[in-house]
Amino acid sequence: MQRRDLVEEKLTHSVIGAFYEVYNTLGFGFLEHVYRGALEMELRARGHQVGREVGVVVLYKGVEVAVQRIDMLVDEKLIVEVKSTLDLHAAAQRQLYSYLRATRLQVGLLLHFGFEPRFYRAVELHTRQTPQMKSCTDATDETDATDRSSVRTTRCPTSRDDDFVERAQKS
């Protein structure tokens, strides 16, 4: 099977590695702002530019209808949304997709600092087709019956997979 390159693969690899470093250091139980602060610090230490609470204007027929706030914008290429709930609400992936649509960026990560760390990688190629979502919770393809668009979810690598995620080294 031929390997396809992922959109912004090196960047998402680095951010996912930073996510696991923060989770492995802090563990579960903090509020989102704590994880966002630690993640920003870790990303900057890895040489990334990080924008926090970035406002994005949504236009309808050239008129501003809303402003959305993105948790993090990394290297002006990657949207990062942070959640720290026990259970991840189904709307979280839709929120990330909305940010991708508003910015015209192609890739975003939803980082869930839950009881078990999980990440979701969303890709929007802006061709008016169905978004591609990679989820660490499902191992099969499925259609989301609650939404009009179908969402493709597949198993993601975890912190134990060296090919995609840098392991956090504790001394």
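Bear in mind these aren't lab numbers, they're just calculated from the coordinates by the rules spelled out. Being a predicted model, the structure only gives us computed values, none of them experimental. Here the Cβ is made from the backbone with ideal geometry for all residues, glycine too, and neighbour counts use every protein chain on show.
Structure notes:
- Virtual paramagnetic centre 7 Å along Cα→Cβ of residue 69, amide N under 19 Å, in the range 1-34: 31-34
- Among beta bridges that DSSP assigns inside the range 9-135, antiparallel share in %, nearest 5: 80 percent
- Listed residues 25, 54, 6: farthest to the positive end of the dipole of the range 1-58 (Cβ charges): 6
- Contact order, relative form, for the range 9-135: 20 percent (alpha carbon pairs under 8 Å, 6 or more residues apart, mean separation divided by residue count).
- The range 46-131: GluC sites (Glu not before Pro) falling in loop per DSSP and having at most 16 other Cβ within 10 Å: 76
- Label point of residue 32 set 7 angstrom out along Cα-Cβ; within the range 71-92, amide nitrogens under 19 Å from it belong to 71-74, 78-92.
- Cα centre as origin, Lys/Arg/Asp/Glu Cβ charges: the range 9-135 dipole, Debye: 400 debye
- Here the peptides 12-22, 65-75 are ranked by packing, the mean other Cβ count within 10 Å, and the order with the highest first is 12-22, 65-75.
- Estimated translational D of the range 9-135 in µm²/s (Stokes, Kirkwood radius over Cα pairs; 10 °C; 1.306 mPa s): 107 µm²/s
- Length-normalised contact order of the range 42-100 in % [C-alpha pairs under 8 Å, at least 6 apart]: 26 percent
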